[in-house]
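The values are calculated or read from the model by the stated rules, or taken from the named source; none is laboratory data. Just so it is clear, the structure is predicted and the values come from calculations on it, not from any experiment. Cβ placement follows ideal geometry from the backbone for every residue including glycine, while neighbour counts extend to all protein chains displayed. When the accessible area is computed, the model is the full protein with side chains, heavy atoms only, and any ligands, DNA or RNA have been set aside. Shrake-Rupley method; radii C 1.70, N 1.55, O 1.52, S 1.80 Å.
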Amino acid sequence: LKMSWLRFYLPLHVLMAACLCHSIKAPTTSSQQSFRTDLFNFYHSLILADGKETTVHLMKDIPKRYYFVLEESRVLSPFTITVTPCDVPIEWSIFVHKASASLPGKETQGDHDTQEVSKSQKAPSVVSTIFNYKGNSVETYMGMSSHSALYMLEFLSTERDTHITVYLTTDTTSGHLYPELPMDPRIDVIGVGHTTVTLTWKHSPSVLQHRESIQYCLLVNEKHNYKSLCAAETAIRSSGMKLPPTLALSLSPYLLEPQQVMILSNSELSIINKVSSGEVRQICMGTKNTYTVPNLSPSTQYYFDVFVVNLLTNASAAYTGTFARTLEEPEPKVTELKDGKVIQVVLDGQKQKSYSLQYQARHKKVQFSFQLCRGQVRVHITRNGKTVASENISGLKYFSLKGKLLDTYLVQLRSTEESNSSVKVQVSPHFHKPLFPLLPESLKIKSFSKLRTCNSVTIAWLGTQEKSKYCVYKRRIEEDQVWRELQSADRCSGPESRHKSEKVLCKYFYDLNLQRAVTTETIKGLDAGTLYLFDVYLFGPSGIPVRYHSKVVKTRKKC
């Protein structure tokens, strides 16, 4: 069959259809029978594009067929077909119809624009199955052909409606649409912690050749591994979410759904999808082939999939997925509490976020006292295993509890933020000797703008009905230090942490009438146009200080 000769007459697919419909031998399978029937409808069939990825939507139990034609060649011509299931397992097959080398017929003399096909002579032809597969893995068929042939691909989903992608190419010399996988495409787990897993994998040859347009993306979930990026995206969408067009994410901004969180740091793009089965985390880390996944839950099994993605075509190839279980969370250290003794607990927001204290009651009534020094802390108290108190604390907090002799109390402290937190704790049966002094309604320090001068400021604070000692300290600061000083202040630290030169004065005062329990102080000897940080410390009978909220005041530049 001379392809150049055919081009002057009928289109190839029309001629092949007409010829094949007359000459197909008796089929040996039902698929081959349907193949012959399909040829009659060739005008209305689906032609598979060469060199382009095609998305095919399948209805349950309804086969779908695509065709392509290979022309005659003097040498063996390679071609490849890659099929990627995006959800459930599918069945797919490749059938080929090969016609004879010459087509019976004759040319009309003097007219080379027409051709009469002999109806009395039939070209022998054979329909054969050259490949079939059932499953949900990405599968590639590589074939060779030197004869003119018509190929049919048949796809079938027996579980539910789904979609797949199909890629046909007859040009195997101009590069690959899909990034290449290394000879060993496994992902190795090289480290497991309580909240982290470290992974490594061998570089894709495509990364080494085209570093600018190739990157690795990691998918983390608690359900199972995915054999393709297409399957992973389908699973997330089926849980009620919309995804960005692909995980092959450029770093250009796009809109995220409310259930998504995007984190961009150190050239790594992370997207956390909140789905019903837990988090599905996507991380694109450029061309790094070692990565430590952070912020995992202890004692939890995670599944990890790495995809090498072509940023220019959005095509991807999947490494062999792996899984790992994070280590169990260590039992928190339990510290014994003793009557009247004050301890300060520091909680590391990154490593040790919780701390446990135990106390055995020697009296029926006990009082737990907490002073939050820094950060945010949640307190949970149980008595003999049953919860008796649980809440976030701010400033000072007392819990007065009544039980039985020798009751066992367990106090669990947990940081509720990533930065460090600290809290002072005391337990005592003596209600008449509180740990902290009697506090005013507010711990704010007020400054009077109209009373500011170039070298002095006037501040005021509330007192109580109890005679107490108040000490004032000042410190000069810069504009860029204000926010940090106010945020990082340790509200439990006393004057012992201050330099002696910062002390302004100490005084006693009280008033039985709370409306008049206010004191003012004018601090002199300051520099003009300068910022100062003022602190007031209140001392009660126990000697433990309570620090008022710091106040920043600036003296006038001109007077």
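Once neighbouring chains are kept in place and the probe is 1.4 Å, which whole percent of the accessible area of the stretch 334-428 is contributed by carbon and sulfur? Heavy-atom surface of the stretch 334-428 belonging to carbon and sulfur, 1.4 Å probe: 45 percent.
The mean sequence separation of alpha-carbon pairs under 8 Å and at least six residues apart, normalised by the residue count of the stretch 334-428, gives a relative contact order of 46 percent. Given a 1.4 Å probe and the protein chains as shown, Glu159 ends up with an accessible area of around 100 Å².
Using a cut-off of 20 Å between Cα atoms, the listed pairs Lys446/Lys500; Lys444/Lys554; Lys64/Lys227; Lys341/Lys397 include Lys446/Lys500; Lys64/Lys227 as exceeding that distance.
Determine, for each peptide in 478-487, 461-470, the mean count of other beta carbons within 10 angstrom over its residues, then list the peptides with the highest first. All intermediate terms of the calculation are to be shown ahead of the outcome.
Values: 478-487: 11.1, 461-470: 17.3.
Ranking, from highest mean packing down: 461-470, 478-487.
When the Cα positions of Phe509, Val423, Gly463 are compared along the charge dipole of the stretch 405-515, Phe509 comes out farthest toward the positive end, with charges on each C-beta of Lys, Arg, Asp and Glu.
Scaled against 2.2 N^0.38 Å for its residue count N, the alpha carbon radius of gyration of the stretch 334-428 is 1.02. The peptide list 378-386, 62-70, 87-95, put in order of mean Cβ contacts within 10 Å with the highest first, becomes 87-95, 62-70, 378-386.
Taken one residue at a time, the phi angles of the stretch 495-503 give Karplus couplings (6.51, -1.76, 1.60, θ = phi - 60°) of x, 4, 8, 9, 6, 4, 5, 7, 6 Hz. Gly and Pro are set to x. The phi-based Karplus calculation (6.51 cos²θ - 1.76 cosθ + 1.60; θ = phi - 60°) puts the 3J(HN,Hα) values of the stretch 458-472 at 10, 10, 9, 8, 7, x, 10, 7, 9, 5, 9, 9, 10, 10, 10 Hz, whole numbers, x for Gly and Pro.
Just want to confirm a number: the relative contact order over the stretch 445-554, from Cα pairs under 8 angstrom separated by 6+ residues, in percent. It would help to have the intermediate numbers written out before the result.
Details: 204 pairs, mean separation 45.0, N = 110.
Averaging sequence separation for qualifying contacts and normalising by length gives 41 percent for the stretch 445-554.
Could you rank Ser542, Ser428 by how accessible they are, 1.4 Å probe, largest area first? Please list the in-between numbers first.
Numbers: Ser542 60, Ser428 10 Å².
Largest accessible area first, the list is Ser542, Ser428.
Given a cut-off of 27 Å, name the pairs among Lys338/Lys507; Lys364/Lys469; Lys202/Lys223 whose C-alpha atoms lie farther apart than that in the structure shown. Walk me through the numbers before you get to the answer.
Values: Lys338/Lys507 33 Å; Lys364/Lys469 33 Å; Lys202/Lys223 25 Å.
Long pairs (Cα-Cα over 27 Å): Lys338/Lys507; Lys364/Lys469.
Local charge for Tyr473 was computed over the other residues whose Cβ lies under 9 Å away, with Lys and Arg +1 and Asp and Glu -1, and equals +2. Look at where the Cα atoms of the stretch 352-417 and of the stretch 482-559 average out, and the two centres are 30 Å apart. Here the 3J(HN,Hα) profile of the stretch 335-345, calculated from phi with Karplus coefficients 6.51, -1.76 and 1.60 at θ = phi - 60°, is 10, 6, 8, 10, 3, x, 7, 9, 10, 10, 10 Hz, Gly and Pro shown as x. Seen from all directions on average, the stretch 445-554 presents a Cα convex hull projection of 7.1 nm². Farthest toward the positive end of the dipole of the stretch 290-354, out of Thr322, Tyr291, Val309, is the Cα of Tyr291, where the dipole comes from beta carbon charges about the Cα centre. Accessible surface for the stretch 146-199, divided over its residues, is 45 Å² per residue with a 1.4 Å probe.
For Val309, the solvent-accessible surface computed with a 1.4 Å probe is close to 0 Å², ligands and nucleic acids excluded.
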